[in-house]
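A.B. asks: Dropping a structure here in structure tokens format, bear with me for questions.
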Amino acid sequence: MIELPCEGLRVFVSATPAEAERAVAREITELLTRAPEAVLGLATGSSPTGVYQELARLVASRRLSFARASSFNLDEYLDLDADHPQSFRRWMREHLFERIDLPRKRARFPVQDARGDSSAAACARFEGELLAAGGVDLQLLGIGRNGHVGFNEPGSARSTRTREVELHPWTREDAARAFGALELVPTRALSMGVETILDARAIRVLAFGERKAEIVRAALEGPIGPECPATYLRGHRDVRVHLDLASAGLLASARAVGLDA
Ligand code: GLP
């Protein structure tokens with residue numbers, strides 16, 4: 001793993017995603033050893049999947065426990081049942097929660113309650129729970145093809161908090177295969193805001209593969225602003241971006257150290 005000289009955040013390039021995933025899982029293990037009641041911010045998608053596999057392995061071998069920890073997921077589709085095959089609650093159950101010892105009642109999502117309160121009330125409740133838990137110690141993050149973080153789509157202001165959002169056409173297109181058809185993909189979601197994400201004490205971003213190379217370049221080296229919400233990460237006090245050779249391929253900083261050869 002080598003570190004690239006980047007402004008505003010630390011960028012690490014690994015030979016393979018597995019190397020980066022082990023490094024992030026190790027950090028989470030160290031955090032939970034030091035602070036068993038730590039609060040984790042969790043993401044869905046292909047980017048964090050390997051980290052979750054590694055965490056499940058560490059729990060199975062009793063080298064890690066989430067028994068006193070809690071978690072807050074970044075986002076969830078609006079009006080999707082918790083058991084819907086594409087809901088993020090189900091995804092998290094299948095990829096992580098069923099395989100670790102985190103008490104389920106301390107795994108939170110921005111979702112409406114059983115009585116179907118308004119999305120504004122649900123978002124306010126989520127922010128309140130986050131505050132009561134003392135904020136996120138370590139936030140895991142992927143980057144969408146259009147530069148979104150969570151579901152903070154292009155156009156999102158830096159000052160946004162948890163709220164209802166409209167999904168970008170690319171986001172819905174990317175989800176269409178999993179849902180079976182574009183019309184079946186929800187048009188709206190509840191998402192932590194940019195500022196909610198930036199409140200985390202540490203942020204670990206994962207982006208692998210050639211299809212992320214373009215957006216990684218925009219996020220790390222393009223102009224900072226709402227057109228690419230991932231650019232807001234630059235300047236956060238403790239953010240590390242983990243890339244592989246393919247996703248780092250278009251970075252000027254990678255070229256500068258001869259990594260693209
Ligand atoms: C989804 C999620 C994001 C995720 C992104 C990238 O829309 N809401 O939190 O980071 O897409 O997904 P992937 O990691 O599969 O590339």
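The values are calculated or read from the model by the stated rules, or taken from the named source; none is laboratory data. Keep in mind it's a predicted model, so treat the numbers as computed, not measured. No Cβ is skipped: glycine too gets one built from the backbone with ideal geometry, and neighbour counts run over all protein chains shown. Note: accessible area is taken over every heavy atom of the protein model, side chains too, but ligands, DNA and RNA are not part of it. Shrake-Rupley method; radii C 1.70, N 1.55, O 1.52, S 1.80 Å.
A.B. asks: Of all residues in the stretch 176-195 being within 13 Å of the ligand (Cβ to nearest atom) and open to solvent by 10 Å² or more (accessible area, probe 1.4 Å), which is farthest from residue 219 (Cα to Cα)?
C.D. replies: 179
A.B. asks: Further question on the same structure: I'm told residue 88 meets every condition in (1) in contact with a strand residue (DSSP E or B) (Cβ under 9 Å, 6 or more places away or on another chain); (2) open to solvent by 60 Å² or more (accessible area, probe 1.4 Å); (3) closer than 25 Å to residue 177 by Cα except one. Can you identify the failing condition by its number?
C.D. replies: (2)
A.B. asks: Hey, can you tell me all the residues within the stretch 151-165 that are under 19 Å from residue 118 (Cα atoms), in a loop (DSSP other than H, G, I, E, B) and open to solvent by less than 50 Å² (accessible area, probe 1.4 Å)?
C.D. replies: 151, 160, 162
A.B. asks: For the stretch 122-150, how many residues meet the condition of being within 16 Å of the ligand (Cβ to nearest atom) and open to solvent by 40 Å² or more (accessible area, probe 1.4 Å)?
C.D. replies: Number satisfying all stated conditions: 1.
A.B. asks: Now for a different question. Could you pull out the residue among 64, 58 that is modelled with pLDDT of 95 or more, in a loop (DSSP other than H, G, I, E, B) and more than 20 Å from the chain's Cα centre (by Cα)?
C.D. replies: From the options 64, 58, the qualifying one is 64.
A.B. asks: For the stretch 20-49, how many residues meet the condition of being assigned to a loop (DSSP other than H, G, I, E, B), in contact with an Asp or Glu (Cβ under 8 Å, 6 or more places away or on another chain) and farther than 24 Å from residue 76 by Cα?
C.D. replies: 1
A.B. asks: Scanning for something open to solvent by 20 Å² or more (accessible area, probe 1.4 Å), more than 18 Å from the chain's Cα centre (by Cα) and not aliphatic (A, V, I, L, M), does the stretch 201-208 turn up at least one residue?
C.D. replies: No, the stretch 201-208 contains no residue that is open to solvent by 20 Å² or more (accessible area, probe 1.4 Å), more than 18 Å from the chain's Cα centre (by Cα) and not aliphatic (A, V, I, L, M).
To keep it simple, each residue is scored yes or no on (1) without any contact (Cβ under 8 Å) to a residue 24 or more places away in the chain; (2) basic (Lys, Arg); (3) under 28 Å from residue 79 (Cβ atoms).
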{"site": "186", "(1), (2), (3)": "no, no, yes"}
{"site": "189", "(1), (2), (3)": "no, no, yes"}
{"site": "204", "(1), (2), (3)": "no, yes, no"}
{"site": "219", "(1), (2), (3)": "no, no, no"}
{"site": "229", "(1), (2), (3)": "no, no, yes"}
{"site": "234", "(1), (2), (3)": "no, yes, no"}
{"site": "251", "(1), (2), (3)": "no, no, no"}
{"site": "255", "(1), (2), (3)": "yes, yes, no"}
{"site": "258", "(1), (2), (3)": "yes, no, no"}
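A.B. asks: Another question, then. Within the group 65, 119, 61, which residue is more than 16 Å from the ligand (Cβ to nearest atom), crowded, with 19+ Cβ neighbours inside 10 Å and farther than 26 Å from residue 209 by Cβ?
C.D. replies: Within the list 65, 119, 61, the selection yields 119.
A.B. asks: Still on this structure, please answer the following. Can you pull out the residues in the stretch 92-118 that are acidic (Asp, Glu) and part of a loop (DSSP other than H, G, I, E, B)?
C.D. replies: If the condition is that a residue be acidic (Asp, Glu) and part of a loop (DSSP other than H, G, I, E, B), then 101, 113, 117 are the ones that fit.
A.B. asks: Let me ask you something else. Could you list, in sequence order, the residues of the stretch 196-216 that are within 11 Å of the ligand (Cβ to nearest atom) and within 17 Å of residue 252 (Cβ to Cβ)?
C.D. replies: Scanning the stretch 196-216 gives 207, 212, 215.
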